[in-house]
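To keep things clear, I will list the structure first and then write my remarks on it.
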Amino acid sequence: MIVIEKALILIVALRLISGSIELTAAALMFKFNDLEKAFYINTLLALVGPVILITTTGIALLGLAEKISLTRILCLFGGIFLILFSLKSE
């Protein structure tokens, strides 16, 4: 019998939801056929991506907390911070 960790199931579910949101957004852009509305939808997607990234990373770290050193956890969060910072910078 295969045992799947709860953290892994949550991460997979969040990624499936995120992908569904992306596909729905693409369908809406196609349906509206309007560049301004597509831009607005894309802007909303820019909020979803980082939230999913932070949430899934947090879940994974909680699941691996006893297996990963504090230094590696801090490095991972530092990397996430740099990714989000680079998205906001010019």
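The table that follows gives values for the structure above.
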quantity	calculated
The chain - charge dipole about Cα centre, Lys and Arg +1 at Cβ, Asp and Glu -1, debye rounded to 20	180
Spherically averaged projected area in nm², based on the convex hull that wraps the Cα atoms of the chain	7.9
Long-range Cα-Cα pairs in region 4-57 (distance over 17 Å), rounded percent	42
The chain, accessible area per residue, ligands and nucleic acids excluded (1.4 Å, Å²)	82
Extension gain (nm, one decimal) between LEU64 and ALA13, 0.36 nm per residue minus Cα-Cα	16.6 nm
With DNA, RNA and ligands ignored, accessible area of LEU70 (1.4 Å probe; Å², nearest 10)	120
Spatially proximal lysines relative to LYS67 (Cα-Cα < 17 Å; intrachain offsets below 8 disregarded)	LYS6
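The values are calculated or read from the model by the stated rules, or taken from the named source; none is laboratory data. As the structure is a computational prediction, the values presented were derived from the model and not from experiment. Note that each Cβ is placed from the backbone with ideal geometry, even for glycine, and that neighbours are counted across all protein chains shown. Keep in mind that these areas ignore ligands, DNA and RNA; they rest on the heavy atoms of the full protein, side chains included. Shrake-Rupley method; radii C 1.70, N 1.55, O 1.52, S 1.80 Å.
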